[in-house]
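The values are calculated or read from the model by the stated rules, or taken from the named source; none is laboratory data. Since we're looking at a predicted model, the values are computed, not measured. Here the Cβ positions follow ideal geometry from the backbone for every residue, glycine too, while neighbour counts run over all protein chains shown.
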Amino acid sequence: MRYRVLYPAMRWPDDREIEIASMGDLGQAEFCDALDEVTEEQWASCDAIVSVLDIPEAYRAQMGNCKIFVSPKVGFDNIDVASWGQIGVPVCNVPDYGTLEVADHAIALMLALMKGITFHTRELKKDPKGLWRPALNPFGRRLSASVFGIVGLGRIGTATALRAKAFGMDVVFYDPYVSNGSDLAIGVRRVHSLTELFGISDVVSLHLPLSPETERLIGAEVFAASKTGLILINTARGPIVDLDALHDALKAEQIRAVGLDVLPEEPADPEHPLIKAWAADEDWIDHRLLITPHSAFFTPESVYDMRFKGGEVALTYLSEGRLQNCVNEFFLGTRRAL
């Protein structure tokens, strides 16, 4: 028996060999470029669905055989996990494909700011001789004399903590959902509030999921409690940071500099005051904000893992009954029998 695994909105334009390889001898991958291209027979007969998009109720109602839904990425805030749970279908993600890449990127943004990489490059372009100023580093300080704060000590937060420790930084974290002893296991310190973390840190890196609880969690109150000269790094989810409050905190110099790989609206809203000032190189923000295009996760290796592991998670459940990375277990009643 070969299980039918449906990819109803395939995002990768190439020959799809990675997804086919993930099936092995157990599965048959079926691809459609858009939801409206899927036939009624495919909806009704598929054993699993792998998709970065949620499936609207009109299509979901046609599924009499689907046993698992896999979102081949970390975030699942765009998936109605409760509705899938109500029909007995587990929703799983792929949380490990970009762990190392995102941790690397967070550290890279910090280093680019603290070591003046982009600052010196841009200044030297203006006047390679006259602006040769090796003693000028506007945000720099010795890393081993700095406190590195982390919000969210999950997979990526832990990987980032270990990298910061390798530079000799004093690593502190805030995460009310991590069990006691996690700090001892990797040699970091724990605090019990966001304001405490921001108040003692020279750098804060965000590594928490987006949810109603975390949306705009990092806002005016947190910024007001921040240590003078703090550098903020966000490679998690854009809406976690209140962009209006960040604009005000930067302009008031409550926050010294920022590195963002994610924004509340992507691509960036060119009319937002922060983005507008950054794009225009206004004096008050020049060199203080780095933006990358949600690219922290991207390497050829991470893309391969994302694409392969999506199918692998589905096939493991279908063939072995072993559920990995289930994110809607709370909503599952009596799980649909395999």
Does P90 qualify as being farther than 30 Å from I291 by Cα and assigned by TED's automatic domain parsing to the domain that holds P13?
yes
Output the number of residues of the range 12-32 satisfying the condition of being in a loop (DSSP other than H, G, I, E, B) and surrounded by 13 or more Cβ atoms within 10 Å (Cβ to Cβ).
4
For the range 37-46, check the following and say yes or no: at least one residue is in contact (Cβ under 8 Å) with a residue 40 or more places away in the chain and either outside the structural domain of A161 (by TED's automatic domain parsing) or farther than 30 Å from D261 by Cα (or both).
yes
Take E215 and tell me if it is under 30 Å from D80 (Cα atoms) and either surrounded by fewer than 19 Cβ atoms within 10 Å (Cβ to Cβ) or in contact (Cβ under 8 Å) with a residue 60 or more places away in the chain (or both).
yes
How many residues are touching a helix residue (DSSP H, G or I) at 6+ places or on another chain (Cβ under 8 Å) and either touching a residue at least 60 places away in the same chain (Cβ under 8 Å) or more than 19 Å from F308 (Cβ to Cβ) (or both) if we restrict to the range 7-36?
12
Any residue at all in the range 283-306 that's loosely packed, with under 13 Cβ neighbours inside 10 Å and at positive phi?
no
Right, L250: out of contact with any Lys or Arg (no Cβ under 9 Å at 6 or more places or on another chain) and either assigned to a strand (DSSP E or B) or modelled with pLDDT of 95 or more (or both) or not?
no
Return the pair list, or none, for Cβ contacts closer than 7 Å from residues in the range 266-278 that are under 20 Å from R237 (Cα atoms) to residues that are in a helix (DSSP H, G or I) and of a type in the set (V, I, T), at least 6 apart or on different chains.
A268/I275; D269/I275
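Yes/no per residue for (1) farther than 27 Å from G75 by Cβ; (2) in a strand (DSSP E or B); (3) in the same structural domain as V222 (by TED's automatic domain parsing):
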| site | (1), (2), (3) |
| --- | --- |
| L136 | yes, no, yes |
| F148 | no, yes, yes |
| T158 | no, no, yes |
| F173 | no, yes, yes |
| Y177 | no, no, yes |
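Let's see how each residue does on (1) over 27 Å from G140 (Cα atoms); (2) in contact (Cβ under 8 Å) with a residue 24 or more places away in the chain:
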| position | (1), (2) |
| --- | --- |
| R155 | yes, yes |
| A161 | no, yes |
| F173 | no, yes |
| Y177 | yes, no |
| N180 | yes, no |
| T195 | no, yes |
| I200 | no, yes |
| S205 | no, yes |
